[in-house]
Amino acid sequence: RESFARFYFLSNEELLEILSQTKDPKAVQPHLRKCFEAIHRVEFEDDLAMSCMFSGEGEKVVWDSTVYPEGNVEFWLTDVERMMRMS
């Protein structure tokens, strides 16, 4: 939780689920609403790159660049957070 402060919004069970499924970035999708108030979901491309986000109201916001879910989940979620702030 110290490496990605938004993990504090998740229960221990939710956090363990995310961390145990690091090979499947799409498994994070159901937990995004708790980590990010403005993000309901992100769109994954065929190569798993993320290029846009959707709000709870269905508004699509395209990012300036893509985020690739590589490495530890807390690192690429930090990139998602950065893209959210930039857009």
Exercise for the section: Starting from the Cα-Cα distance between Ser20 and Phe44, subtract it from 0.36 nm times their residue separation and give me the gain in nm to one decimal. Expected result: 6.7 nm
Fill in the blank from the handout: Long-range amide H partners of Gln21, meaning residues 5 or more apart or on another chain whose placed amide H is closer than 5 Å, are none
Handout entry: Accessible-area composition of the stretch 11-55, carbon plus sulfur, in percent [1.4 Å probe]
Key = 49
Problem - Computed Rg/Rh of the chain, alpha carbon atoms with Kirkwood Rh - result: 0.92
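The values are calculated or read from the model by the stated rules, or taken from the named source; none is laboratory data. Bear in mind the structure is a predicted one, so any value in this text is a computation, not a measurement. Note: areas computed on protein heavy atoms with side chains; ligands, DNA, RNA excluded. Shrake-Rupley method; radii C 1.70, N 1.55, O 1.52, S 1.80 Å.
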